[in-house]
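Chemist: Have a look at the structure that comes next, please.
What follows is calculated from the coordinates using simple rules that are stated; it is not laboratory data. Note that the coordinates shown come from a computational prediction; the quantities given were computed from them, not determined experimentally. So basically every Cβ, Gly included, is an ideal-geometry build from the backbone, and we count neighbours across all protein chains shown.
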């Protein structure tokens, strides 16, 4: 079909330029010299405008209109037209000149955030964030919404989700997690973590991260490990999926678990069918589904007893000073529950409380109920309400996440949804693979990786998130799986039954 061929050729051109743009952004966040940021912002802005204009070109609209009327397209082509068509109509509403200004402002904002975070100085970042919030509000109006401007932004990360639905998901989580957290802290036996204190060189931490990624099955011939202020995964093009981590000298677990987390994202991107490349479908089904893969590897695998049965000998090879603790002791130590300031280092029990806080604040920002200048104080207040701890500086408070500097409003709910999706997928995997624990304990991740690739990764964006979860598990997304997983696991870690 002539129209379909022209449509695919157009998407391929967009894909090539996006690869260049992603590479520039990866470079900016990993190794760009400090003095190069200003010029890089302008370059990124110009290239982003070109990509934006191609993605909203009138001829693309004509291709979509013709293809939407066709009834003999393949499943993949129909999905491509659906996904690209939705993005086309959203982006078509944004004037290209406005988007270029936003791309430049976003690039400058991310650089300003890095400096402000290092100096723990929110005021220096405030004008940049005010500008980014203004862009987000304007985009929401252009996109359109039925009830809440925040809904227009969530749609870009989790199709079909609204702020009202997010609140509905939060309610049972808050109702169960807050009292369970109090029970663990009051009645449970806190694991010993004393042996994890010390000084751990970045070189050895890197070696451990490389071993963990290799065990997972991350393809180093199609990727690499680097460092960044805020760890991320970057799919820069075909067979080029890069991961980053960060090394904290006195915290061995920070780099290990960020590597497992980003490795989960990377396996998703490396597992997408090559036939979907540059079709608009060569990404995760949603940000929540993508997060389900990283959280599954980081927590449900990486914080399990079978994993530490396998990984303990590797740990002691790299860090001989940690040869004394048993696999059981390590398993309990890496699952300690403690209300803390930093989201990315939060335990599984408290993590979603961090997301609830951010959801509240950014919903208020987009709706104009919260001023950017008030964020540090509101952040401290919310941390006290949700977690009972209060940051004493901006770096460990309002400046800890990169997302707002990049204009990613509506992203944070995906992290919570990712936890829920992961638990439901993992429950199905366990049911279908009775010997899963034994396989993990001997370092055999092939079946696990293959199961995820066949059921989730392969399809990219062909299926929408709720549909994908139902296809894999046979049921609609349900938070009960996560709550069951959390209460069962941590009751065992904290020996609640033994003490009861």
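Chemist: For region 137-153, what are the residues that are closer than 26 Å to residue 29 by Cα and buried (at least 22 other Cβ atoms within 10 Å of the Cβ)?
Modeler: Restricting attention to region 137-153, the residues satisfying the condition of being closer than 26 Å to residue 29 by Cα are 137, 139, 153.
Hits for region 137-153 are 139, 153.
Chemist: For region 426-448, give me each residue that is within 14 Å of residue 271 (Cβ to Cβ) and buried (at least 17 other Cβ atoms within 10 Å of the Cβ).
Modeler: Result: 445, 448.
Chemist: Which is in contact (Cβ under 8 Å) with a residue 24 or more places away in the chain and outside any helix (DSSP H, G or I), of 199, 209?
Modeler: Sole residue among the options that is in contact (Cβ under 8 Å) with a residue 24 or more places away in the chain and outside any helix (DSSP H, G or I): 199.
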